[in-house]
Amino acid sequence: MSTPDLSNVDLSKAKLMKCEKCEGSTFKQTIMLHKLSALLSPNGQETIVPAAVFGCEKCGHVNSDFTQKSSLT
Ligand SMILES: [Zn+2]
């Protein structure tokens with residue numbers, strides 16, 4: 001994956017992402033923990049895998065958009 005150059009992007013034309021629940025438009029980075037069962041884990045042991053996501057600053061809701069884009073698939 002290449003990183004696009006966003007320095008010339010006009011953000012006023014970009015769609016503002018909003019919280020699905022309260023329509024808040026500010027987010028904070030937070031961590032979701034995925035518990036990997038021993039059957040799925042590469043080392044055969046139950047493992048907890050952290051994934052960075054963004055949660056609504058107001059109500060804490062994490063949009064499904066964000067969880068689906070987490071690196072764990
Ligand atoms: Zn919210």
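A few comments on the model shown:
- Summed over region 1-31, residues that are within 16 Å of the ligand (Cβ to nearest atom) and either polar (S, T, N, Q) or within 14 Å of PHE66 (Cβ to Cβ) (or both) total 12.
- Any pair with Cβ under 6 angstrom, 6 or more apart, that starts in region 1-24 at a residue that is without any contact (Cβ under 8 Å) to a residue 24 or more places away in the chain and ends at one that is assigned to a loop (DSSP other than H, G, I, E, B) and within 16 Å of the ligand (Cβ to nearest atom): LEU16/SER25; LYS18/SER25
- If the condition is being of a type in the set (D, E, K, R), at pLDDT 90 or above and more than 14 Å from the chain's Cα centre (by Cα), then region 11-57 contributes LYS21, GLU23, LYS35, GLU46.
The values are calculated or read from the model by the stated rules, or taken from the named source; none is laboratory data. Given the structure is predicted, the values throughout are model-derived calculations rather than measurements. Reconstructed Cβ throughout: ideal geometry from the backbone, glycine too, with neighbour counts over all protein chains shown.
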